[in-house]
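Some notes on the structure that comes next.
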């Protein structure tokens with residue numbers, strides 16, 4: 001993607017993420033209307049929306065990582081970088097866009113709170129927050145332990 005304007009690259013990343021997510025969910029059984037807004041698998045949310053850049057193991061080595069202006073971070077290091085404690089609140093704020101970090105909410109990384117709300121399976125604020133919370137909880141399970 002060298003030579004492609006940053007805004008166009010951002011549009012491509014968002015479209016690619018949503019297209020991959022839609023394709024993965026097309027054949028998946030859908031939860032009932034009652035549980036749809038309250039249950040999301042963090043693993044599925046990650047695979048659908050995040051793995052394309054962050055990689056399936058969340059180490060920043062997804063298929064689109066090399067084409068981004070700034071390489072996606074290794075998401076397994078949050079606890080290690082925070083004295084062994086997983087900073088769930090900080091991670092939630094980064095994902096939903098309330099805490100700005102380089103690459104997030106900018107031209108390469110969508111603010112997922114906004115993206116989830118606008119997606120085909122978007123929904124209410126409650127559903128968006130449930131999806132983000134499931135992702136935050138899933139990322140906690142991927143944290144590398146301090147030696």
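Worth a mention:
- Any hit, segment 87-107, residues being surrounded by 15 or more Cβ atoms within 10 Å (Cβ to Cβ), part of a strand (DSSP E or B) and either modelled with pLDDT of 95 or more or touching a helix residue (DSSP H, G or I) at 6+ places or on another chain (Cβ under 9 Å) (or both): yes
- Residue under evaluation residue 39, criteria (1) within 16 Å of residue 138 (Cβ to Cβ); (2) exposed (fewer than 14 other Cβ atoms within 10 Å of the Cβ); (3) at pLDDT 90 or above, criterion not met: (3)
- Subset tally (residues that are crowded, with 19+ Cβ neighbours inside 10 Å and free of Cβ contacts under 8 Å to residues at least 40 places away in the same chain) for segment 74-86: 0
- Considering residues of segment 54-73 that are touching a residue at least 40 places away in the same chain (Cβ under 8 Å) and either more than 14 Å from the chain's Cα centre (by Cα) or not in a loop (DSSP other than H, G, I, E, B) (or both) only, the residue surrounded by the most Cβ atoms within 10 Å (Cβ to Cβ): 68
The values are calculated or read from the model by the stated rules, or taken from the named source; none is laboratory data. Everything quoted here is computed from the prediction, not taken from an experiment. Counting neighbours? That spans all protein chains shown, and the Cβs are built from the backbone with ideal geometry, glycine included.
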